[in-house]
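Here is the structure we will look at, set down as structure tokens.
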Amino acid sequence: MSGSRFLRRSEVHANSPLPTVSELNLILLGPPGAGKGTQAERLQEDFDLDYIATGDILRKAVADGTELGQKAKEYMDNGDLVPDEVIIGVILEEVATQAQDGFLLDGFPRSVGQAEALEEALARLDRHLTTVLCIEAPDDEIIRRLSGRRQCVKAGHVYNIHTDPPKRDGVCDQDGSRLVQRDDDREETVRKRLAVYHRQTSPLVRFYEERDLLRRFDGTRSPTEVHDHIRATIATLRLEDEL
Ligand code: AP5
């Protein structure tokens, strides 16, 4: 367990001498392939947060053939956003019920409408965002990366055949399951997802800058360098919070 780990609210109660330790409520923002999922895996280990990844939730719903999956599939296959009225209720329910001790949101919000809905929901729960971690990378780097991404079928562990290959071809190092390429990682769909990001999601950079919540990270650095920078930023925020 990391020494700088934030305490869950339940642990704060159990260890009552600690006076004010805030819950950690984080958003990962950035274009497809910037490295949000890669960093999320590391941050979960650091801070033991409830991880809510909209893409994973939607892909599971599609695979399970649920009503949500049926509504989402066509949009996802085209590289479009699933409409706000389909996704907002699902994710806010997760935040309210599953992530009461702090959360790491990956892939939500993705539109100003979603960001406003989250802001209102958190205000109603008397909770607030700690920070928005915005990982940036140029389009050409993203297209190169996503052509090489592979994910395991069991837990979604992420690899890259060009830059971060598994030890055995096509097999996850962590759980031995099969590695596959996502349907929406075809170049044509990646280009569409990038256009959608620039049009519908990138306005959130300004939205969160105006609230002084945005922190930027250079996603072209190595995964370890990006992770170190994020950890240092969170540690600084925590110190400020304790002052
Ligand atoms: P989602 O699954 O959220 O996809 P995304 O945001 O497009 O993000 P990715 O998972 O593609 O990229 P990532 O940033 O996590 O990169 P990763 O770490 O894997 O969404 C999919 C679809 O669902 C959407 O298109 C939409 O249809 C729908 N959807 C989801 N949320 C929605 C919402 N809120 N509203 C409406 N619709 C929604 O890394 C990528 C690759 O790069 C990997 O191979 C990795 O090994 C490598 N890599 C990572 N970091 C580095 C680094 N620093 N240097 C070199 N390589 C790196």
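When both segment 161-235 and segment 21-42 are represented by their alpha-carbon centers, they are found 9 Å apart. Axis of helix 84-97 versus longest Cα principal axis of the chain: the two differ by about 40°, to the nearest ten degrees. Restricting attention to the chain, lysine pairs at least eight places apart or on different chains and with alpha-carbon atoms under 25 angstrom apart total 15.
Between 0 and 90 degrees, the angle of helix 36-47 with respect to the longest Cα principal axis of the chain falls at about 30 degrees. Between 0 and 90 degrees, the angle of helix 223-242 with respect to the longest Cα principal axis of the chain falls at about 20 degrees. The gain in end-to-end length when the E120 to H198 segment is fully stretched comes to 25.6 nm, 0.36 nm per residue minus the alpha carbon separation. Close amide H partners of V171, meaning residues 5 or more places away or on another chain with modelled amide H under 5 Å apart, are L179.
Ordering 149-156, 173-180 by mean Cβ neighbour count within 10 Å, with the highest value first, yields 149-156, 173-180.
Please identify which residues in segment 83-115 have an amide N closer than 16 Å to a label point set 7 Å out from the Cα of K60, following the Cα→Cβ vector. Residues passing the 16 Å test: 90-100, 104-108.
Absence of a disulfide-compatible partner, taken as no other cysteine beta carbon within less than 4.7 angstrom, is noted in the chain for C134. By the Stokes-Einstein formula, at 1.567 mPa s and 4 °C, the chain with its Kirkwood radius over alpha-carbon pairs has D equal to 69 µm²/s.
When the surface is traced with a 1.4 Å probe over the full set of protein chains, T201 keeps roughly 10 Å² accessible. Pairs of Cα atoms nearer than 8 Å and 6+ residues apart set the relative contact order; for the chain it is 26 percent.
The values are calculated or read from the model by the stated rules, or taken from the named source; none is laboratory data. Fair warning: this is a prediction, and the values are worked out from it, not measured in the lab. When we count neighbours, we look across all protein chains shown, and the Cβ atoms used for this are built from the backbone with ideal geometry, even at glycine. In case anyone asks, the SASA skips ligands and DNA or RNA and just uses the protein heavy atoms, side chains included. Shrake-Rupley method; radii C 1.70, N 1.55, O 1.52, S 1.80 Å.
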